[in-house]
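The values are calculated or read from the model by the stated rules, or taken from the named source; none is laboratory data. Note that the coordinates shown come from a computational prediction; the quantities given were computed from them, not determined experimentally. Every residue, glycine as well, gets a Cβ built from its backbone with ideal geometry; the counts of neighbours run over all protein chains shown. With ligands, DNA and RNA removed, areas are computed over all heavy atoms of the protein, side chains included. Shrake-Rupley method; radii C 1.70, N 1.55, O 1.52, S 1.80 Å.
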Amino acid sequence: MTFYDTLGVSQRASQAEIRAAYRELARQNHPDRFPDADPDEKAQVEENIKAINAAYDTLSNPQKRRRYHDVMWTRHDPARKYRYRNPKAPKEAKNGRSKETRPNPSAALILEIQHLRQERKNLVVQQTAKQRRLWMSAGVTSLFVFLGMSFRAGLEAAPQQAGLVFLFFVGLEIIALNIIINASGMSEVRGANFSSPIFFSLSVSVGFIILFTTTFLGDISLAKLPTAYSAIVISAALGVHVFGASRLAHMQDILFKTQRRAIEEKIARLETKLGQLKSHAAKEK
């Protein structure tokens, strides 16, 4: 869910539409409308208010809104930390106070199914954006690897220093793959948070240490540069990098399909339950 979903507006919504949606949602979720709610419902209303205020604060400011588009649908999306859910609207009694009503299981199931379908739709859009960012960053890092390996191969006087060239390439790949993972907002892999700021900073630092160390240890004479050797080294490095990027894209696709399958299975279970409730209600009539 994004801040646009929280306010129920499109990404092209005007400031007037965002302001109107905020006022209506703030009115619907005002705590005074739920005086007889249980503690869980009150906690949900408070969470809704926080989410609505955060969404309006971001989307009502043009600069914040532009910056938000850069992280939307990624793990850095601030909307992810809120658990917004539409509250059950209380019925007004004749005396103006809210009164308890008999819950409608079918209506609750329909609402939950609608939320899951919207979540599935958002997941598809999110995956498309992630794949696009992944391949864009893969293209940029491929140029980074090509220039780096061209420079490193140019420092070699002979193929005997293949070990240093390999370590130099490892340093390049550590930096390049981390850029791809973070730029695409790739999902966690088996619980490992590879896109956390701490992991990114440490791994990139290690990569640069390897680059500088292998550069200063190598022979910097250009007089004996073997052109064929350099071409082979650069081509092999690019091939390995592109292969690594394609594996990351494949891994992200698997994670996406797993998440989508889980949502679809939950929708199927709820639809089955809803069908049973409707069948039972028809028999009672």
Practice item. Return a yes/no flag: does the stretch 158-166 have any residue that is within 26 Å of residue 69 (Cα to Cα) and modelled with pLDDT under 75. Key: no
If we ask which residues in the stretch 264-285 are aliphatic (A, V, I, L, M), exposed (fewer than 15 other Cβ atoms within 10 Å of the Cβ) and modelled with pLDDT of 85 or more, their number turns out to be 1
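Return a yes/no flag: does the stretch 187-197 have any residue that is open to solvent by 10 Å² or more (accessible area, probe 1.4 Å), modelled with pLDDT of 85 or more and either closer than 30 Å to residue 256 by Cβ or in contact with a Leu (Cβ under 9 Å, 6 or more places away or on another chain) (or both).
Taking the stretch 187-197 and keeping what is open to solvent by 10 Å² or more (accessible area, probe 1.4 Å), we get 187-194, 196-197.
Within this subset, residues satisfying the condition of being modelled with pLDDT of 85 or more are none.
No: the stretch 187-197 contains no residue that is open to solvent by 10 Å² or more (accessible area, probe 1.4 Å), modelled with pLDDT of 85 or more and either closer than 30 Å to residue 256 by Cβ or in contact with a Leu (Cβ under 9 Å, 6 or more places away or on another chain) (or both).
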When the stretch 52-61 is checked residue by residue, the ones that are open to solvent by less than 70 Å² (accessible area, probe 1.4 Å) and of a type outside the set (Gly, Ala, Ser) are 52, 53, 56, 58, 59, 61
Any hit, the stretch 40-49, residues being part of a helix (DSSP H, G or I) and within 18 Å of residue 123 (Cβ to Cβ): no
When the stretch 7-51 is checked residue by residue, the ones that are open to solvent by less than 90 Å² (accessible area, probe 1.4 Å) and touching a residue at least 60 places away in the same chain (Cβ under 8 Å) are 28, 33, 34, 35
Criterion first (modelled with pLDDT of 85 or more and among the hydroxyl-bearing types (Ser, Thr, Tyr)) does residue 205 satisfy it?
yes
